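Beneath this line is the structure, given in structure tokens, with notes to follow.
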Amino acid sequence: MRVGRHDVPVSNPDKAFFPERGLSKGDLVGYYLEVADCALPHLRRRPFHMVRYPNGVEGEFFHQKRVPPHPDYVGEQFVRFPSGHSTVFAVIDNKAALAWVINLGCIELHTWHSRVPEIEKPDYLLIDLDPSRDGQWPYVRQIALVVREVMDELGLSAYPKTSGATGLHIMAPIKPEVVFPDARRFAKALAEEVERRVGNQEIATTTWRVADRRGVFVDFGQNTRDRTIACAYSVRPTPDARVSAPLTWDEVPDVEPSEFTLETMQERVAEVGDLTAGMWRRKASLPSRFEQLGLDAPSVTTPAPRSRSADRPR
């Protein structure tokens, strides 16, 4: 397959990847190339965690952090873990690299919350609304509006999207100034304020122990180094090929995640455009906002200058 200036091999394009919907690997590659201009701003310069489904959603899958041998249009980033182990992640900066990783069976686009060169500092906050049991989706929608209210008061730009699975993500772009532990501390206080305003543990909870949760978990714990989420426009490995779909806030009170699939998203983008366009130009500076949540301000270091080479696959 010719993608831009590159020939990208796509093996077995007719292989069934979503048998229930009659969708193939070729359909998946085609979808991602169609929405690439919307998805790539969420992928660029981020370590990419591969979750590979070589035989589609009904087959076995495996996690792969280390990028396998790859063409020069696929970037890479060395990462050392606190354990002392290290690996080299893929970095997906262009359409050809995106097609290459999808050909490996990566149905989902799992990325870190930070970018090269500041991989120790996230460039967004995430509140993940995660139901504890069936039937709580109406609560998810209700709580999302409270998250928006709190983020608005903090001067943060809030972007909602379906997770593509059972929950809803609210993201707030931030400047890469604070390390992950401080970002998590801020997100925890924000989540606790949401819990306080909802005022009902049967609806919203920040209780960490799973067995003790009753309401929707207002999850702040994703704001942690080397955690990943399926980014905006990512397909999820569900039988109906659901997609993590950006939303308008007007849609949130009535949204149903099943509306957004590999088969419907291209038409949606044609109708509403990219609802995350310009998102990464609205990064807020977080340190000055800690006191608003009753927290001690973190120490801040100057972000490393971004070299031209950081933008290119290496």
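Brief remarks on what is shown
- Cβ-Cβ FRET estimate between Met1 and Val88, R0 fixed at 30 Å, reported to 0.05: 0.75
- Filter on Lys161/Lys283; Lys65/Lys121; Lys25/Lys121; Lys15/Lys95; Lys65/Lys95 - keep pairs with C-alpha separation over 29 Å: Lys25/Lys121
- Qualifying chymotrypsin sites (Phe, Trp or Tyr not before Pro) in region 246-280, DSSP loop, other Cβ atoms within 10 Å at most 15: Trp249
- Charge sum, other residues only, whose C-beta stays under 11 Å from Met279's C-beta, Lys/Arg counted +1 and Asp/Glu -1: +2
- Computed [θ] at 222 nm, deg cm²/dmol, the chain (DSSP H ≥ 4; -39,500 (n - 2.57); rounded to nearest 500): -7000 deg cm²/dmol
- Annotation: amide H of Trp112 within the under-5 Å range of His49, sequence separation 5 or more or interchain, hydrogens built in the peptide plane.
- Inter-label distance, Lys175 to Trp208: 3.1 nm, where each label sits 7 Å from its Cα along the C-beta direction.
- Sites excluded, GluC sites (Glu not before Pro) in DSSP loops with at most 13 other C-beta within 10 Å, longest stretch of the chain: 61-201
- Taken about its Cα centre, region 1-71 carries a charge dipole of roughly 500 debye when the Cβ of each Lys and Arg holds +1 and the Cβ of each Asp and Glu holds -1.
- Taking the DSSP bridge list for region 159-314 and keeping only pairs wholly inside it, about 70 percent are antiparallel.
- With an a/c value of 1.5 or above and a/b not larger than b/c for the gyration tensor axes a ≥ b ≥ c computed over the alpha-carbon atoms, region 194-311 is described as oblate.
- Tensor-based shape of region 155-226 (alpha-carbon gyration tensor, a/c under 1.5 rounded, otherwise prolate or oblate): prolate
- Annotation note: trypsin sites (Lys or Arg not before Pro) in region 67-142 located in DSSP loop regions with a Cβ neighbour count of at most 13 within 10 Å are Arg133.
- Here log10 I(q)/I(0) by the Debye sum over Cα atoms at q = 0.06, 0.08, 0.16 Å⁻¹ was calculated from the structure, and among (1) -0.22, -0.40, -1.46; (2) -0.36, -0.58, -1.15; (3) -0.20, -0.35, -1.43 it sits at label (3).
- Additional length obtainable on full extension of the chain from Asp14 to Asp296, 0.36 nm per residue less Cα span: 95.9 nm
- If you take the Cα centroid of region 1-59 and the Cα centroid of region 159-199, the two points sit 29 Å apart.
Every number in this text was worked out from the coordinates using simple rules, so none of it is lab data. From a predicted model like this one, the values you see are computed outputs, not experimental measurements. Cβ: placed from backbone, ideal geometry, glycine included. Neighbour counts: every protein chain shown.
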